[in-house]
Amino acid sequence: MTNVNYFKDQFEQLQDSGPATAITELRTDGFDTFNKSGLPTYKLEEWKYTNISSLFDKEYQFANDAQAVQLSDIDAIRLAGYEQANELIFVNGRFIPALSTIRSAASQLIILTLEEALKGEYQELVKTHLGQSSIYLKDGIHALNTSFIQDGLFILIPKGQQLTQPVYIYHIADARQQNTLSQPRSLIFVEENAKLQLTETYTTLGTAESFTNEVLEVVVKENAFVEYYKIQHDGLNASQVGSTHIHQIGRSYVHTVVVSLNGGVIRNNLNLILDAAGNETHLYGLYLLKGKSHVDNHTLVDNKQPNCFSNQLYKGIAGDASTGVFSGRIIVQPDAQKTNAYQSNKNIILSDQATINTKPQLEIFADDVKCSHGCTVGQLDEEAMFYLRARGIPKEAAEVLLLEAYAADILVQIKPEPLRNHIAELIYEHLSIS
Amino acid sequence: MNEDLNMLEQTALNDYKYGFVTDIDTDIIPKGLNEAVVELISKKKNEPEWMLNWRLKAYAHWLKLEEPKWPNVKYPPINYQDIIYYAAPKKKEQLNSLNEVDPELLRTFEKLGISLNEQKRLTGVAVDVVMDSVSIATSFKEQLSEIGVIFCSISEAIQKHPDLVKKHLGSVVPMTDNYFAALNSAVFTDGSFCYIPKGVRCPMELSTYFRINAENSGQFERTLIIAEEESYVSYLEGCTAPMRDENQLHAAVVELVAMKKAEIKYSTVQNWYPGDKDGNGGIYNFVTKRGMCQGEHSKISWTQVETGSAITWKYPSVILKGDHSIGEFYSVAFTNHHQQADTGTKMIHLGKNTRSRIVSKGISAGQSQNSYRGLVRASKGATNARNYSQCDSLLLGDKCGAHTFPYIEVKNKTAIVEHEATTSKIGEDQLFYCRQRGIDAETAVAMIVNGFAKEVMNQLPMEFAIEAQKLLAISMEGSVG
């Protein structure tokens, strides 16, 4: 059975499995869009440098057997600092409360499945905000996630709750039996004066192919504070399209760091919608690529209201036959006067088989703004190399030293210490093994 | 500064200075495009068969293509059957000297400020004038031919130097390149041809002046410049069109070929009619310009000042094929009222040790949209390729837009590519500084804009630099305050 027929089959089964709700409506819309647009090809401007449709030459299936994953599987992949963290587990794209551990008080952190949230007091919130990202992400792959919203995650940090325990989300794909397609979906609210520190990471079990097509929507209200970390360090058989859509509807502060070390074909969409005056947002990214990895970071900062500030710094290293892509888009809408928006993308290319494609864009419709972007592609500094070699440091070690220093700019942006140290170790290991 | 001041006063009405129609008998063919029209154009120009076949092939390919939709510009669909593809000022015989040129025509150029006689006598610039579609006369031809430089209209070159044309026409911009290049290849009516032989440094600036005169006519000119080994040429191109309510299409193709150690400097001052304040009329300037650095150590430099046209859509590019070759692109694009510009460059690094530099300055006023779109590509073989790009945008007014779309593709570990872009408005402090010293707001803005564009203006040959500066001031008029 081809993937498309399989999707159609599964979609119909899913729709028939329960009563019509707001979610089933959303799914129908999603599936219509998917049927219309299909999987994105390189002919679409937004997908010019990343071809995911070829990944679907293989057959993928949704794996429904969550039982196969045990707590012991999770132990192996825990992130540092988990003892204090709320650990939420997704298996094959579905949120599994039974495997998850919630350490914060229920008054501080509300965790439900999307279906549950749609029944209770939060139903209006869900109806209003679920699926907002499709205004910006109109392609078929995003619609495919929407077509299969099931056992999604709902998080709400109530007003005034400064959550001290971080939230870790582990995405586990079970590819021990078959090629697996996982489509996690989450909706997160950070209410007025609340604070959330969120980390996501991905693991594939087994050696078959896994494809994760994730959509995470975050709504940030007045005076809220959000830190978001995404760590991608999975096998070459693990490909991913991850869309993170952060909507700052009140004057708030958002800080994001995306670290991509290992993986197959990875596409990260990160949208920041600055929908209130005086919003502040920081975007950092690091991609250290080896082998045949392909990492594509797309960022969008849409300044809709005046006096917003945004700063982006993405740094990458492409070695072996890897490909690094960066596409950053800053839009300043006519009302967004006094916007300050900065963007910088720096790349080091280590091999003639590696490729860097970068496309920083500014689209500005207001006049009283300060916007700039810059990007560079280059090599390790010869003089710095010489300095180290002259002091008896072997070439490989010197290279690792310099690359570590290069990555440090982003590493320091990971604020929680345990997590930072954990990632520093991962980076060191990753750079040392050639 | 005084001169600028006067000029601003003079043009206080903010009219398009070059908006007059010359009353000359024009030899035109009916509107529309089909194979017969292509054949007719070819026949009227008395072309050899290979040329006709080439055109027909291009036409056949054009039919298969779709008009591109990706640029950041908006315009109503163009009806390609509503355009006159050939409009030539009527003439009875081949002209041998300027004295034989229609006096009415000469007056047109006097109004434009490029009197042939004047230029010939005072500045020593050789001018090839293209009105509507046909080259009228070429001055200084004799002096040039003494040193072996061929500078003539492309139709003449097809007749007299078929081997050269055959070899190079379409070698840089193939007829299949894009929609408008294919259209141009099928119906181009005239343009300039320039050949600099080995080791010759062209002693004067070569110049072409384009002007669209006839109503409803499209201008499809084709320029081909070939610089043989160790030669040098500086080529200037200026464009104007009379005021009309309708939109006119201008789809030109320019090809440059630089051999070993040759250098071509190509400067454009584009001042096509931009439409009126409400965005009616104006020229659609959809141009394909590309240079090929064929030999080692060759250099191609594009300089452009774009103030006119309702829509400008062009990307003068350089293919850096020869080792150690250099590509440069300097651009000032000014848009006012409802003008739209989507312009930039492509630097394709193929050879070793190739270098390129891009400086683009965009200024938007009124309700205009101004985009920079550029590509820098360092391919696998482009060892030590080096690029530096800088795009700055200045916004005058709160209804205009400035956009930057740079593409950077690197496949070589020794390549170094840098890009930086900024967008801002004129600083309050800068304005305050000028106002405090008794300079009125408009002059102050003109000064600041001139300073902003200076880096590019400095690249223009003298005669053009002055004209370009005036044009900028005229275009800016009314956009302040």
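The values are calculated or read from the model by the stated rules, or taken from the named source; none is laboratory data. Owing to the predicted nature of the structure, the values given are computational and were not obtained by experimental measurement. Here the Cβ positions follow ideal geometry from the backbone for every residue, glycine too, while neighbour counts run over all protein chains shown.
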Considering only residues that are touching a residue at least 12 places away in the same chain (Cβ under 8 Å), closer than 30 Å to B:SER371 by Cβ and not acidic (Asp, Glu), which ones fall in the stretch B:49-73?
B:ALA58, B:HIS61, B:TRP62, B:LEU65, B:PRO68, B:PRO71, B:ASN72, B:VAL73
Looking at the structure I just gave you, is B:VAL376 among the hydrophobic types (A, V, I, L, M, F, W, C) and either more than 7 Å from chain A (Cβ to nearest Cβ) or not in a strand (DSSP E or B) (or both)?
yes
From (1) over 23 Å from B:GLN340 (Cβ atoms); (2) aliphatic (A, V, I, L, M); (3) within 13 Å of chain B (Cβ to nearest Cβ); (4) not in a loop (DSSP other than H, G, I, E, B), pick out the condition that doesn't hold for A:ALA397.
(3)
Restricting to the stretch A:188-242, name every residue that is surrounded by fewer than 22 Cβ atoms within 10 Å (Cβ to Cβ) and of a type in the set (Lys, Arg).
A:LYS195, A:LYS221
Matching residues in the stretch B:266-304 - criterion: being buried (at least 24 other Cβ atoms within 10 Å of the Cβ) and of a type in the set (Phe, Trp, Tyr)
B:TRP272, B:PHE286, B:TRP302
Please find, within the stretch B:414-446, the residue that is farthest from the other protein chains (Cβ to nearest Cβ) out of those that are at pLDDT 90 or above and farther than 30 Å from B:VAL376 by Cα.
B:GLY438
Hey, which of the strands (runs of 3 or more DSSP E) in the stretch A:235-317, taking only ones fully inside, have at least 1 residues that are basic (Lys, Arg) and on the phi < 0 side of the Ramachandran plot?
A:265-274
Any hit, the stretch A:339-358, residues being in a strand (DSSP E or B), in contact with a Cys (Cβ under 9 Å, 6 or more places away or on another chain) and either modelled with pLDDT under 90 or at the interface with chain B (Cβ under 7 Å from one of its Cβ atoms) (or both)
yes
Pick from A:LEU14, A:LEU26, A:LEU39, A:LEU55: which is surrounded by 13 or more Cβ atoms within 10 Å (Cβ to Cβ), touching a strand residue (DSSP E or B) at 6+ places or on another chain (Cβ under 9 Å) and away from chain B (no Cβ under 14 Å)?
A:LEU55
What is the residue count in the stretch A:359-382 for residues that are more than 7 Å from chain B (Cβ to nearest Cβ) and among the charged types (D, E, K, R)?
2
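Taking the conditions exactly as written (polar (S, T, N, Q), at pLDDT 90 or above and either over 14 Å from the mean Cα position of the chain (by Cα) or surrounded by fewer than 23 Cβ atoms within 10 Å (Cβ to Cβ) (or both)), does B:SER317 satisfy them or not?
no
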